[in-house]
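First up is the structure itself, then whatever we jot down about it.
The values are calculated or read from the model by the stated rules, or taken from the named source; none is laboratory data. Being a predicted model, the structure only gives us computed values, none of them experimental. As a convention, Cβ positions derive from the backbone with ideal geometry for all residues, glycine included, and neighbour counts pool all protein chains shown.
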Amino acid sequence: MADKLRAQQQLENLQAKYIGTGHADTTKFEWTSNIARDSLASYIGHPPMLQYMSIGTGQPREKMRIQLLERMIQPVGPPPKEQD
Amino acid sequence: MMAAIEKDKLVWTLSRTGQTDVSISISSPLGVHRPQTLVYYALGMDVGYENPIFALLEVDYSESDADPSGEAFHEVKKELSYYELDLGLNHVVHRGRTTVDRTANMLFRVPGGNDLPSGVLCCGEDNISYYHVYEKEVFRLAIPRREGAAENPNRKRYIVAGTLYTLKGGNFFYLLQTEDGDVFKVTFDIKSGKVERLNIWYFDTIPVASSICLLRAGFVYCASEAGDRLLYELETLGDEHNEHVFSSDQFPTDPTETYNPPYFQVRPLRNLNPVEKVANMSPVMDMEVANLSMEDAPQIYTVSGTGARSTFRTTRNALDVLELVDSQLPQRATSVWTAKLRANDEHDTYIVLSLVNHTLVLRIGDDVEEAQHSGLLAETTTLGVQQFGEDCIIQIHPKGIRHIRTVPYNEEDPTQKMYGEITDWKTPAHRSIVACAANNRQVCIALSSGEIYYFACDYDSSLAQAEDEAQLDHTIHCLAMPDVPEGRQGSDFLAVGCGDKTFRIFNLNPRDQDHRILGQTGLMGLSALPHAIAFHAMKDQSPAGYSLYAHVGLHSGIYVRALVDEFSGTLSGFRRRFLGPAPVKFARVSVGGEPAILALTTRPWLAYTHPVNNTLALTPLNYMSIEAAWSFESASFKGIICVRGEDLRIVTLDDVDLSQNLSYEQISLQYTPRKLVGNHEQQVYYVIESDNNTLDAATRDQLKREQDEKVKEEVKSEEESEDKPMKTAEEEDLTNGELENDEETNGELLPVDFGLPKVEGRWASCIQVVDPVTEKAVIHTIELRNNQCAVSAALIAFESKDNDLFFAVGVAQDLKFTPYSFSKAFIQLYKVSPDGRKLEFYHDTEVSAPPLALLAFKGKLIAGLGNDLVLFDCGLKHLLRKAQASNCTGTRITDLKTQGSRIVVADQSQSVTYVVHKDMVHPNRLIPFADDTVPRWTTCAEMADYDTTVGGDKFGNIWIVRCPEKVSQASDESEDGQHLIQDKAYLGGAPNRLDLCAHYFTNDIPTAIQKTNLIAGGDRIIFWAGLQGTLGVFVPFESRRDHKMFQQLELLLRNEEKPIAGRDHLAYRSYYTPIKNVIDGDLVERFLTASNDEKASWAAQLDGAWDASSVEDKIWTMRLNFAF
């Protein structure tokens, strides 16, 4: 029982610390959004990757950065309607 | 404060401890996390001495994430949030927020404190607004737009970079740059600490920067996003100008309201003056190592840069040389010396040239002219000339030594005798001098019979022959002696190169207890006959700062360097290197005030002390081959004098940055280069270039013509409506107007400086032929029309067309990314003219998808169309399809490589697939038989051997995959590939899988990779170029022992040489996939920069008999045997 409790605590700790740590009720929408946001953040955070994309689209890195940030607001479309 | 993109924000307090020491301590962080919030920009505000406030641009997406209708998403607001760090409570509080323009992307600090307003400047699309923490009032400026024929008047700009500059007395201004590169100056009108108005006007146009820095000394550094970085001198602050000033009174504070957009006209630089360039290859788009100009070592050809600032670069491992003088000699010269008349002269007086059978003496004055009455023997060849003692010169020639006492040079009487007493020492009968070495106080000569005679300087500067002499059983090839060390009577050692392939050190120190004069102290065996020796003290890492080095040049073109012990004269620390297929000669020179050695073989090399790490380096010079050289110092120049046949040249290396061992040549290109294809026989390169969201040349010209016509018509109508009495005034206006027009056409605004006009969804694309060898320029350009862009290229000799050479270009029309779409796709074929310098359109073929990869294959063309692999032959009007493998890979074929019948197909996201071509059946078959287990977003690939592929991916990894031996054999067994077709697909892929051999994270996206040799006589290595300008090599290990040592050393250095930020090396190099079978050379080379104690202790921890010098030696040979 103690082990289970500790595991639970550890999980909660992780969830508090890192965005997108999953739990039993993670929906597909949350999961895919997280992956997409993670990827987008990674593209912004790695200079070569940002430069690669900015060259492809022929615009400055700053503009590419804003576009990627904008995409992070809703990366996979609106959430599904709640089913009662 | 440090803010993550999402949620996390941490604040640290830095405090200075103690009064005198400057150590800074960092507090533990305070968190102000805000979940489901994106941070666009974070800024520390200037609030004077109050509690620090941070301003952040945030977007809260929690509502949009919870609203299925999608309405909330459109109503997402951007907020400017203020966080205050309460220093008293050690706590961060949220101070409030204001909704700002939805497009805001950047903040700038507004100075606060004494009568200054404080606050932030918030920039967004077409918007520069001023916000204050407590006050509601907002001032807004719109970003002025470019006026011009090809510019879209409705296009709004963003600010992408900028800087704040505060002047003495509290005044301040901003330089803000738009995405076009235009820099605007923004100033504030302030009255008693309150902002009244903001002003903006056009300042100048510089390349788009990722950061602009204004220095106190009046310079502007532009860290441009692509291409060379520039340093500008600030000529004026742009306060006196005739630009139109726009002020915040003109614009509504809400950007959605209508207003008259401001316009301005671009013009050449007025306030800035470019003074310095920092060469920068980033971004490298494609690269090839080839030996086009037929030099000893291949050159690195790269295409780099973006937009109109793109360049084609030739990179060599060489030092650039500045040529000062070039003059003709009457006859071929074989050697050259310079000499002073007296020991304390500042400049050289004589240039002595040894011609075929006599000696020519030149005197350096205001002009260089033949010296009369120099006293030097002219009717013989010369072996050496040296200023000797106080005021003497000695000339060593095959039959003896001439010792000349000089007379001070008289300016008025050039015919005056330049010498006093002459003494000749003659060789014993039937013998001649074969080699000599001399310094200011000592002379050694070697006779054809194998004896070495030693002379020292007497009290009256005359020659005194020593009683001791050495007798060797072998012929002597060369002698060398270092200069007299400061404060000494003479050098202690003599270096001798002997005919038995040895190199010896002899003692010259009369006080040496162990050795008599000309007694041997050191010996080294050589691989070939020695040809020349240079023996000098050079700066290095030793505690004394200088050590004696002997450089030996062999007949085989190999250079050997050895460290000579200052006291015992023993030899150690050998380095060998092949310099070129000709005997190596030396010349002692001085570069940047430090001694250096010029090694002359098929090309000149310089052995010098690296200014950064103080180790000895050896780099070729970017110069033609030289026969002989000597240092040269006159009143007007200081440098190196060299002879080459009948040419006499003076060059200098003093301005060269010795820490940079690469030299670049560059040629401007029109658009962002995408691919580079070499026609090695004709020494030209074909480059395909394309720019997205850019107006193409044809439309640009058309718009310009239209505008010109309009202007003409207007001028005409004005002329017609003119009243006669008004004419004088009008005329003046008109002439003014014309002048302006002239200015514009004459000094046309080049896209290199001003960029190309941007239009959403348009492509500008062209094919250029570049000659990097003879003309060093672009020699032919073909513009693509109809919004087409070139995506791939290959050079093919079609078998069906008598092996005529064609240039195939893959073209996409109306190409768009995210989502990927296009209207049409073609393969265009251009016929290459016999000299390779012209391309002529032959025909084009519409295909199903943009061909992102083309490759010449068995006299045909193989193309990757989407994920289909198709083999084409050349027809009269179209390409003819010969074979096809549909759905060959998962996503899109991006690269193709071949050996024999095997094709390696690289996919955009699914690594590589091996395909075999079977041409004995009809129709031909292309059968994919092996693919990879890991999705690698391949950017480039190269076949390291028939079974092995090395490639790079978009995330910055380099990997090597190999086809299992059995699979490889099976694929080539049958003629028709029947059994390969029968193989069952495995897990939705090809029937077999490739094995991973090596994996490495490079932190730069590899854009090109090649198996090649990089230096003359070097083995082949894997050479790669990264997007950010990295040029790197992978060197294969040849011995298990070396591998073990390097592995242990890497393991050791991981712990001992931790980076300052504490990132774990193993985790870093395994960023996406665990590192495998690669040793980080960059880390291992940190060993070389360590102190001697550290080196010794690390070397002692290695298994096997390693010591510091042998480890160091191994690291150097690992690098220098393959690369530079």
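Which of the residues that make up the range B:457-489 are among the charged types (D, E, K, R) and either outside the structural domain of B:Q520 (by TED's automatic domain parsing) or under 20 Å from B:V434 (Cα atoms) (or both)?
Correct list: B:D468, B:E469, B:D473.
Would you please list the contacts, defined by Cβ atoms under 7 Å and residues six or more apart or on different chains, that run from a residue in the range B:597-619 that is among the small types (G, A, S) and modelled with pLDDT under 90 to a residue that is surrounded by fewer than 21 Cβ atoms within 10 Å (Cβ to Cβ) and in a strand (DSSP E or B)?
none
Which ranges mark the strands (runs of 3 or more DSSP E) fully within the range B:857-903 that have 3 or more residues being of a type in the set (V, I, T) and modelled with pLDDT of 95 or more?
none
Output the residues belonging to the range B:550-596 that are of a type in the set (A, V, I, L, M), in a loop (DSSP other than H, G, I, E, B) and under 17 Å from B:Y608 (Cα atoms).
B:L579, B:V584
Could you list all residues from the range B:118-144 that are assigned to a loop (DSSP other than H, G, I, E, B) and either closer than 22 Å to B:Y83 by Cα or more than 14 Å from chain A (Cβ to nearest Cβ) (or both)?
B:S118, B:G119, B:H132, B:V133, B:Y134, B:E135, B:K136, B:E137, B:V138, B:A142, B:P144
Of the conditions (1) touching a helix residue (DSSP H, G or I) at 6+ places or on another chain (Cβ under 8 Å); (2) facing chain B (nearest Cβ under 9 Å), A:T21 clears all except one; give me its number.
For A:T21, the failing item is (2).
So in the range B:692-724, with the set limited to residues that are modelled with pLDDT under 75 and not in a helix (DSSP H, G or I), which one is nearest to the other protein chains (Cβ to nearest Cβ)?
Going through the qualifying residues, I end up with B:E722.
Can you work out which of the residues in the range B:627-641 that are farther than 24 Å from B:H531 by Cα and part of a loop (DSSP other than H, G, I, E, B) is modelled with the highest pLDDT?
Looking at the filtered set, the residue picked out is B:S634.
For the range B:273-298, what are the residues that are crowded, with 23+ Cβ neighbours inside 10 Å and more than 14 Å from every other protein chain (Cβ to nearest Cβ)?
Once the filter is applied, which keeps residues that are crowded, with 23+ Cβ neighbours inside 10 Å and more than 14 Å from every other protein chain (Cβ to nearest Cβ), the range B:273-298 yields only B:M287.
Need the failing condition index for B:D126 against (1) in the same structural domain as B:F219 (by TED's automatic domain parsing); (2) under 17 Å from B:M106 (Cα atoms); (3) among the charged types (D, E, K, R), just the number.
Checking B:D126 against (1) in the same structural domain as B:F219 (by TED's automatic domain parsing); (2) under 17 Å from B:M106 (Cα atoms); (3) among the charged types (D, E, K, R), the one that fails is (1).
May I ask you to verify whether A:Q83 is within 10 Å of chain B (Cβ to nearest Cβ) and modelled with pLDDT under 90?
Spelling it out, it is not the case that A:Q83 is within 10 Å of chain B (Cβ to nearest Cβ) and modelled with pLDDT under 90.
If the requirement is being within 14 Å of chain A (Cβ to nearest Cβ) and either on the phi < 0 side of the Ramachandran plot or touching a Ser or Thr at 6+ places or on another chain (Cβ under 8 Å) (or both), which of these qualifies: B:T306, B:T315, B:T302?
Only one candidate passes the filter, namely B:T306.
Under 6 Å between Cβ atoms, which residue pairs at least 6 apart in sequence (or on different chains) link something in the range B:870-894 that is under 15 Å from B:F826 (Cβ atoms) and touching a residue at least 60 places away in the same chain (Cβ under 8 Å) with a partner that is surrounded by 15 or more Cβ atoms within 10 Å (Cβ to Cβ) and charged (D, E, K, R)?
Close Cβ pairs (under 6 Å, with a partner that is surrounded by 15 or more Cβ atoms within 10 Å (Cβ to Cβ) and charged (D, E, K, R)) amount to B:C874/B:K801.
Just the residues that are free of Cβ contacts under 8 Å to residues at least 60 places away in the same chain, part of a loop (DSSP other than H, G, I, E, B) and among the aliphatic types (A, V, I, L, M), please, taken from the range B:904-943.
B:M920, B:V921, listed by residue number.
Of all residues in the range B:922-943 being farther than 20 Å from B:Q908 by Cα and not polar (S, T, N, Q), which is surrounded by the fewest Cβ atoms within 10 Å (Cβ to Cβ)?
Among them, the one singled out is B:H922.
Can you tell me which residue in the range B:157-178 is nearest to the other protein chains (Cβ to nearest Cβ), limited to those that are under 17 Å from B:N127 (Cβ atoms) and in contact (Cβ under 8 Å) with a residue 60 or more places away in the chain?
The selected residue is B:L176.
Return the residues of the range B:815-840 that are touching a Leu at 6+ places or on another chain (Cβ under 8 Å) and aromatic (F, W, Y); say none if nothing qualifies.
B:F822, B:Y830, listed by residue number.
Residue under question is A:E30, and the condition is that it be of a type in the set (D, E) and within 10 Å of another protein chain (Cβ to nearest Cβ); does it hold?
When the stated conditions are applied, A:E30 passes them.
Suppose we filter the range B:546-566 for residues that are within 16 Å of B:H477 (Cα to Cα), over 31 Å from the mean Cα position of the chain (by Cα) and buried (at least 23 other Cβ atoms within 10 Å of the Cβ); how many remain?
Residues meeting the conditions: 3.
Take the range A:57-80 and flag every residue that is facing another protein chain (nearest Cβ under 8 Å), of a type in the set (A, V, I, L, M) and more than 12 Å from B:D65 (Cβ to Cβ).
Residues satisfying the conditions are A:I66, A:L69.
In the range B:986-999, is there at least one residue being touching a strand residue (DSSP E or B) at 6+ places or on another chain (Cβ under 8 Å), more than 14 Å from chain A (Cβ to nearest Cβ), in a helix (DSSP H, G or I) and more than 30 Å from A:Y52 (Cβ to Cβ)?
Scanning the range B:986-999, I find no residue that is touching a strand residue (DSSP E or B) at 6+ places or on another chain (Cβ under 8 Å), more than 14 Å from chain A (Cβ to nearest Cβ), in a helix (DSSP H, G or I) and more than 30 Å from A:Y52 (Cβ to Cβ), so the answer is no.
Here are some residues: B:E748, B:E744, B:E738. Which one is within 30 Å of B:G305 (Cα to Cα) and modelled with pLDDT under 50?
Answer to the check: B:E744.
Go through (1) surrounded by fewer than 22 Cβ atoms within 10 Å (Cβ to Cβ); (2) in a loop (DSSP other than H, G, I, E, B); (3) hydrophobic (A, V, I, L, M, F, W, C) and name the single condition B:L376 misses.
Here B:L376 clears every test but (1).
In the list B:L38, B:L30, B:L80, B:L57, which residue meets the criterion of being closer than 27 Å to A:L69 by Cβ, more than 38 Å from the chain's Cα centre (by Cα) and crowded, with 19+ Cβ neighbours inside 10 Å?
B:L80
I'm trying to understand the selection: among the residues of the range B:61-90, which are part of a loop (DSSP other than H, G, I, E, B), within 14 Å of another protein chain (Cβ to nearest Cβ) and not hydrophobic (A, V, I, L, M, F, W, C)?
Within the range B:61-90, B:Y61, B:D67, B:P68, B:S69, B:G70, B:E75, B:K77 meet the criteria.
Can you find a residue in the range B:96-105 that is part of a strand (DSSP E or B), touching a residue at least 24 places away in the same chain (Cβ under 8 Å) and among the acidic types (D, E)?
The answer is no; no qualifying residue exists.
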